[in-house]
Amino acid sequence: MGGTRVAGAGVSRRRVLQAAVGVGGVAALGGLGALRSSTSIAAPPPRGSTNRLFIPPSVTPDTALTAASGQVDLGGGTVGKALVYNGTLPGPNFVVRRGDAVAVPFTNNLDAETTVHWHGLIVPTAEDGQPHEAIAPNGTHTYAFTVKQRAGMSWYHPHPHLATASQVAYGLAGGFIIRDSVEDALSVPSEAYEVPLVIRDANVDKAGNLSYNGKASGFTGNIALVNGTRDAALEVDQTWYRFRILIGSNSRLFNLTLSNGATFRLIGNDGGLLPTAVDVPAMELSPGERVDVLVDCSGLAATQTVGLVDTNSGWPLLRLTGSGKPGGLGAVATVPAAGEGLSSDGPTFGDIAPVTTRLFSFDGMTRINGVVYDMALNSFNVPAGDVEDWVFRTNGNAPHPVHVHGASFKVMSRDGGRRRLFPWEEGWKDTVLLHDRETVTVRLRFDSGYKGRYLLHCHKLEHEDAGMMLNFTVV
Ligand code: C2O
Ligand code: CU
């Protein structure tokens, strides 16, 4: 079974995530079934069997990428069909440094058009994987751009016209991690202690194949997958861990907690490090959002477990099981304390009065400002370098996770509904959650130097495909 997931060529020569786990990383762990959950106060993990968390291979930014249908083991022992990048679900983790030139030769071996969108990365229009730049079956394109932005976790996924939701639901997504000198200066866990977690829901049919039946209101699956593994478990040493979390679901929101009531030390989000570390007991996150958290496993005795739990569904997402061993290579004795400064390169335009304020109403399940997406329509122009406020509202059918291509933004305010901003909404964001009755204002400035067409859309992928998206042009 382990042979169904193969490492792509070019495993990173730099810092490697989970260097010890590559090919065969999905081998199911026998004997975890009878673990007691010792300290659970939230939904306790069930006593069923667990499967060893798959960790995608880390690769360099010149690694070839292929989308194709393939066979994956989601952890239950049955191999099923999915759509995969380089044979794995999720696809390989790109790990790059700020300033690196990315050149990813991509081949579409699907039987439908696709694109690769680099969500969170600020790249030229032609490399942004927009629906306009579809790659036909058997077609190729080398995605080439320079990584100009700060350290953080972005990701990549298909973005073809009308078919983003199904291609993502069937398995196409992967992480993209940027490092820089600001992050290097921090004392944070690395190597085996820095673990990417792509969290989503899914449905599988009786044969074990991923299945998808999208409704306009959004797809919700009935099992959780963490890095493509159901009932996932990770053996942890007695030290701090850094989890790079991406919500890769089509439409489901997750409210992440730890089953022992411990807090997450939140250090980053979509656009990288927060200004200061903060402890949070729970995080409500929507499709496309990322968080970077430190979790203290130093008190976990051998065979003791703590669950990463979604309190919305009651699902245990990942069971952390103590190895009883101290931390090894990549572990750090001390991590940034709550309240400690992490970075000073956050948005600098928060106090600059906007030149233009634009209002966007996310209407129903298919429209922005009353208009269904039209590939050929440019909705407005944004002068490069202008500070603008974009105000997101809805008259129902939320949640709408609102995503902007081409720039990161600063979330300024949320009125109505939850009436506040959350710690994971500090710093730089590219996706923000809009609930019913809420008005969320973000401030942004397209100052990357790139001009051209970008997208604004709901990241509930069924809403996006149904038309809750628009084109704008940076001029
Ligand atoms: Cu993650 Cu336009 O998308
Ligand atoms: Cu929506």
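The values are calculated or read from the model by the stated rules, or taken from the named source; none is laboratory data. Quantities reported herein were computed from a predicted structural model and do not represent experimental measurements. So basically every Cβ, Gly included, is an ideal-geometry build from the backbone, and we count neighbours across all protein chains shown. Accessible surface is based on the protein model in full, side chains and every heavy atom, while ligands, DNA and RNA are left aside. Shrake-Rupley method; radii C 1.70, N 1.55, O 1.52, S 1.80 Å.
Let's see how each residue does on (1) polar (S, T, N, Q); (2) modelled with pLDDT under 95; (3) within 12 Å of ligand 1 (Cβ to nearest atom):
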site	(1), (2), (3)
97	no, no, no
100	no, no, no
115	yes, no, yes
133	no, no, no
140	yes, no, no
148	no, no, no
151	no, no, no
195	no, no, no
198	no, no, no
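Which of (1) surrounded by fewer than 24 Cβ atoms within 10 Å (Cβ to Cβ); (2) more than 19 Å from the chain's Cα centre (by Cα) does residue 233 not meet, given it meets every other one?
Condition not satisfied by residue 233: (1).
Step by step: first the residues of the stretch 391-409, then only those that are over 20 Å from residue 125 (Cβ atoms) and in a loop (DSSP other than H, G, I, E, B), then the one that is most open to solvent (accessible area, probe 1.4 Å). Which residue is that?
395
Within the group 285, 300, 258, which residue is under 16 Å from residue 189 (Cβ atoms) and either in contact (Cβ under 8 Å) with a residue 12 or more places away in the chain or assigned by TED's automatic domain parsing to the domain that holds residue 458 (or both)?
Just one listed residue meets the conditions, 300.
Among 84, 79, which is the only one that is of a type in the set (A, V, I, L, M) and open to solvent by less than 10 Å² (accessible area, probe 1.4 Å)?
Exactly one residue qualifies, and that residue is 84.
Restricting to the stretch 312-322, count the residues that are surrounded by fewer than 15 Cβ atoms within 10 Å (Cβ to Cβ) and in contact with a strand residue (DSSP E or B) (Cβ under 7 Å, 6 or more places away or on another chain).
1
How many residues does the stretch 355-390 contain that are within 16 Å of ligand 2 (Cβ to nearest atom), open to solvent by 20 Å² or more (accessible area, probe 1.4 Å) and part of a strand (DSSP E or B)?
Here the count works out to 4.
Among the residues of the stretch 393-416, which ones are under 25 Å from residue 448 (Cβ atoms) and away from ligand 1 (no atom under 15 Å from the Cβ)?
410, 411, 412, 413
When you go through 95, 79 one by one, which is the residue that is hydrophobic (A, V, I, L, M, F, W, C) and under 30 Å from residue 182 (Cα atoms)?
On inspection, the qualifying residue turns out to be 95.
Looking at this structure, is residue 475 of a type in the set (Val, Ile, Thr), modelled with pLDDT of 95 or more and open to solvent by 30 Å² or more (accessible area, probe 1.4 Å)? It would help to see each step written out before you state the result.
Values: of a type in the set (Val, Ile, Thr): yes; modelled with pLDDT of 95 or more: yes; open to solvent by 30 Å² or more (accessible area, probe 1.4 Å): yes.
It is true that residue 475 is of a type in the set (Val, Ile, Thr), modelled with pLDDT of 95 or more and open to solvent by 30 Å² or more (accessible area, probe 1.4 Å).
Condition first: acidic (Asp, Glu), at pLDDT 95 or above, within 28 Å of residue 417 (Cβ to Cβ) and more than 16 Å from ligand 1 (Cβ to nearest atom). Can you find one or more residues in the stretch 326-342 that meet it?
no
Can you tell me which residues in the stretch 427-438 are within 15 Å of ligand 2 (Cβ to nearest atom) and either open to solvent by 10 Å² or more (accessible area, probe 1.4 Å) or not in a loop (DSSP other than H, G, I, E, B) (or both)?
Those that are within 15 Å of ligand 2 (Cβ to nearest atom) and either open to solvent by 10 Å² or more (accessible area, probe 1.4 Å) or not in a loop (DSSP other than H, G, I, E, B) (or both): 431, 432, 433, 434, 435, 436, 437.
Identify all residues within the stretch 410-426 that are open to solvent by 10 Å² or more (accessible area, probe 1.4 Å) and in contact (Cβ under 8 Å) with a residue 60 or more places away in the chain; write none if there are none.
410, 412, 422, 423, 424, 426
Write out, first by first residue and then by second, each pair whose Cβ atoms fall under 6 Å of each other, whose residues are 6+ apart or on separate chains, and whose first residue, in the stretch 374-394, is more than 23 Å from residue 352 (Cβ to Cβ) while the second is crowded, with 16+ Cβ neighbours inside 10 Å and of a type in the set (A, V, I, L, M, F, W, C).
Final answer for the pair search is 379/470; 379/472; 394/362; 394/434.
In the stretch 445-469, what residues are open to solvent by less than 40 Å² (accessible area, probe 1.4 Å), more than 25 Å from residue 364 (Cβ to Cβ) and out of contact with any helix residue (DSSP H, G or I) (no Cβ under 9 Å at 6 or more places or on another chain)?
Across the stretch 445-469, the qualifying residues are 446, 448.
Are there any pairs with C-beta distances below 6 angstrom linking a residue in the stretch 450-466 that is touching a residue at least 12 places away in the same chain (Cβ under 8 Å) to a residue that is near ligand 2 (Cβ under 9 Å from one of its atoms) and in a helix (DSSP H, G or I), with the two at least 6 apart or on different chains, and if so which?
Hits for this filter: 457/464; 458/464.
Could you check residue 240 against (1) touching an Asp or Glu at 6+ places or on another chain (Cβ under 8 Å); (2) under 23 Å from residue 270 (Cα atoms); (3) open to solvent by less than 20 Å² (accessible area, probe 1.4 Å) and say which number it fails?
(3)
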